[in-house]
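Enquirer: Take a look at the following structure, please.
The values are calculated or read from the model by the stated rules, or taken from the named source; none is laboratory data. Keep in mind it's a predicted model, so treat the numbers as computed, not measured. All Cβ positions, glycine included, derive from the backbone under ideal geometry; neighbour counts span all protein chains shown.
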Amino acid sequence: MNFFSRSIFSVRVIAIVPFLVILFVFASVSYGSPNMGHVTGDITVFQKKLFGGTKKKKDMSGVVVYIIGFKNEAPEEVPDIVQKDKKFSPDILPVVAGQEVRFPNRDNIYHNVFSISPVKSFDLGQYKGEEPPKLVTFEKPGLIPIFCNIHPEMITYVVVLENNAYAMTDKDGTFQIGNVPPGTYNINAWLPQAKRVSQEIVVQPGQKTEIHLEIEEVLKMKPHNRKDGSEYPPEVEYKATDL
Ligand SMILES: [Cu+2]
């Protein structure tokens, strides 16, 4: 090999190295680390029948499935809970302890976002669409029901978790949780009006653990009060002012 062909060879090698690095990065992003495990499965949701008993729900989405027993740093991403058409959206938001949530009001009427939860109580005051959205940091794990002090029908839940090993179910009840460090944990499933269900799981490196759980949406929601503990006035009072 003369000098000329050797230098072409080294140029080729140099050119291929970043390509291989990129390939490796892509491979590890799409398949996760081989040292981590995966958890998949489905949650069957039952709901109350009109005349007693329970039946399988058609839409089994919206169940929070989460693994407890280890901690992760909160991601920097700031998710939104939007106020639009007198509704909070989403109506359940899982976050990691330490994560911030933004509460934009996209209606042109006032809302007042508050919680009296012992895990995190806050009051964002009243603001409308054109005003900058307010933010809340959720430091401690727990379930935080959030209401609007003006509209009693507005309810959302922030589910603060200790790690990012969580998922929300699809319509058919299936879920996938990737990149779980190996270990023995509990996996929980919860949705409003249901009692949390739990099961022990063993996560092994590079392996898939499959679980099947059932949950019943049969609890009655207690009517909640306003932030000062008083009851919401009858709705007619608001029609006059179009709040
Ligand atoms: Cu409101």
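Enquirer: Looking for something within 29 Å of LYS195 (Cα to Cα) and part of a loop (DSSP other than H, G, I, E, B) - is there at least one such residue anywhere in region 99-116?
Expert: Of region 99-116, the ones within 29 Å of LYS195 (Cα to Cα) are 99-103, 112-116.
Next, from what is left, pick out any that are part of a loop (DSSP other than H, G, I, E, B): none.
No, region 99-116 has no match at all.
Enquirer: Taking VAL25 as the residue in question, decide whether it is at pLDDT below 95, over 27 Å from VAL180 (Cβ atoms) and surrounded by fewer than 11 Cβ atoms within 10 Å (Cβ to Cβ).
Expert: On the way: at pLDDT below 95: yes; over 27 Å from VAL180 (Cβ atoms): no; surrounded by fewer than 11 Cβ atoms within 10 Å (Cβ to Cβ): yes.
Here the answer is no, as VAL25 does not meet what is asked.
Enquirer: Suppose the filter is of a type in the set (Ser, Thr, Tyr), crowded, with 18+ Cβ neighbours inside 10 Å, within 11 Å of the ligand (Cβ to nearest atom) and in the same structural domain as GLN193 (by TED's automatic domain parsing); does TYR157 pass it? So that I can check it myself, show each step before the final result.
Expert: On the way: of a type in the set (Ser, Thr, Tyr): yes; crowded, with 18+ Cβ neighbours inside 10 Å: yes; within 11 Å of the ligand (Cβ to nearest atom): no; in the same structural domain as GLN193 (by TED's automatic domain parsing): yes.
Considered against the rule, which asks whether it is of a type in the set (Ser, Thr, Tyr), crowded, with 18+ Cβ neighbours inside 10 Å, within 11 Å of the ligand (Cβ to nearest atom) and in the same structural domain as GLN193 (by TED's automatic domain parsing), TYR157 comes out as no.
Enquirer: Can you list residue pairs whose Cβ atoms sit under 9 Å apart, with the first residue in region 124-146 being in the same structural domain as VAL64 (by TED's automatic domain parsing) and the second being of a type in the set (Lys, Arg) and assigned to a strand (DSSP E or B)? Count only pairs 6 or more apart in sequence or on different chains.
Expert: What qualifies is LEU124/LYS134; GLY125/LYS134; TYR127/LYS134; PRO133/ARG102; LYS134/ARG102; LEU135/ARG102; VAL136/ARG102.
Enquirer: I would also like to ask the following. Examine region 130-147 for a residue that is over 20 Å from the mean Cα position of the chain (by Cα), closer than 22 Å to PRO233 by Cα, of a type outside the set (S, T, N, Q) and surrounded by fewer than 20 Cβ atoms within 10 Å (Cβ to Cβ), and state whether such a residue exists.
Expert: Checking region 130-147: not a single residue is over 20 Å from the mean Cα position of the chain (by Cα), closer than 22 Å to PRO233 by Cα, of a type outside the set (S, T, N, Q) and surrounded by fewer than 20 Cβ atoms within 10 Å (Cβ to Cβ).
Enquirer: Kindly indicate whether any position in region 110-127 is crowded, with 21+ Cβ neighbours inside 10 Å and within 24 Å of ASP59 (Cα to Cα).
Expert: no
Enquirer: Within the set of pairs 6+ apart or on separate chains, which have a first residue in region 99-114 that is closer than 11 Å to GLN126 by Cα and among the β-branched types (Val, Ile, Thr), a second that is in a strand (DSSP E or B) and within 12 Å of the ligand (Cβ to nearest atom), and C-beta atoms under 6 Å apart?
Expert: VAL113/PHE103; VAL113/LEU124
Enquirer: Then there is this: The conditions are (1) modelled with pLDDT of 95 or more; (2) out of contact with any Pro (no Cβ under 8 Å at 6 or more places or on another chain); (3) exposed (fewer than 13 other Cβ atoms within 10 Å of the Cβ); (4) part of a loop (DSSP other than H, G, I, E, B), and SER230 fails exactly one of them. Which is it?
Expert: If we test SER230 against (1) modelled with pLDDT of 95 or more; (2) out of contact with any Pro (no Cβ under 8 Å at 6 or more places or on another chain); (3) exposed (fewer than 13 other Cβ atoms within 10 Å of the Cβ); (4) part of a loop (DSSP other than H, G, I, E, B), just (1) comes out false.
Enquirer: If you don't mind, there's one more thing I want to ask. Looking only at region 100-136, filter to residues that are touching a Leu at 6+ places or on another chain (Cβ under 8 Å) and within 17 Å of ASP80 (Cβ to Cβ); which one of those is farthest from the ligand (Cβ to nearest atom)? If you could, list the steps in order and put the result at the bottom.
Expert: At the first step, the residues of region 100-136 found to be touching a Leu at 6+ places or on another chain (Cβ under 8 Å) are 100-103, 109-110, 112-114, 117, 119, 134, 136.
Subset that is within 17 Å of ASP80 (Cβ to Cβ): 100-103, 113, 134, 136.
Working: GLU100: 21, VAL101: 17, ARG102: 16, PHE103: 11, VAL113: 8, LYS134: 14, VAL136: 16 Å.
Here the answer is GLU100.
Enquirer: Determine which member of the set LYS58, LYS71 is modelled with pLDDT of 95 or more, assigned to a loop (DSSP other than H, G, I, E, B) and more than 18 Å from the chain's Cα centre (by Cα). First the steps, then the outcome.
Expert: Details: LYS71 fails: more than 18 Å from the chain's Cα centre (by Cα).
Checking each option against the conditions leaves just LYS58.
Enquirer: Assess whether MET60 counts as being on the phi < 0 side of the Ramachandran plot, within 12 Å of the ligand (Cβ to nearest atom) and not hydroxyl-bearing (Ser, Thr, Tyr). Walk me through it before giving the result.
Expert: Details: on the phi < 0 side of the Ramachandran plot: yes; within 12 Å of the ligand (Cβ to nearest atom): no; not hydroxyl-bearing (Ser, Thr, Tyr): yes.
Taking the combined requirement at face value, the residue does not satisfy it.
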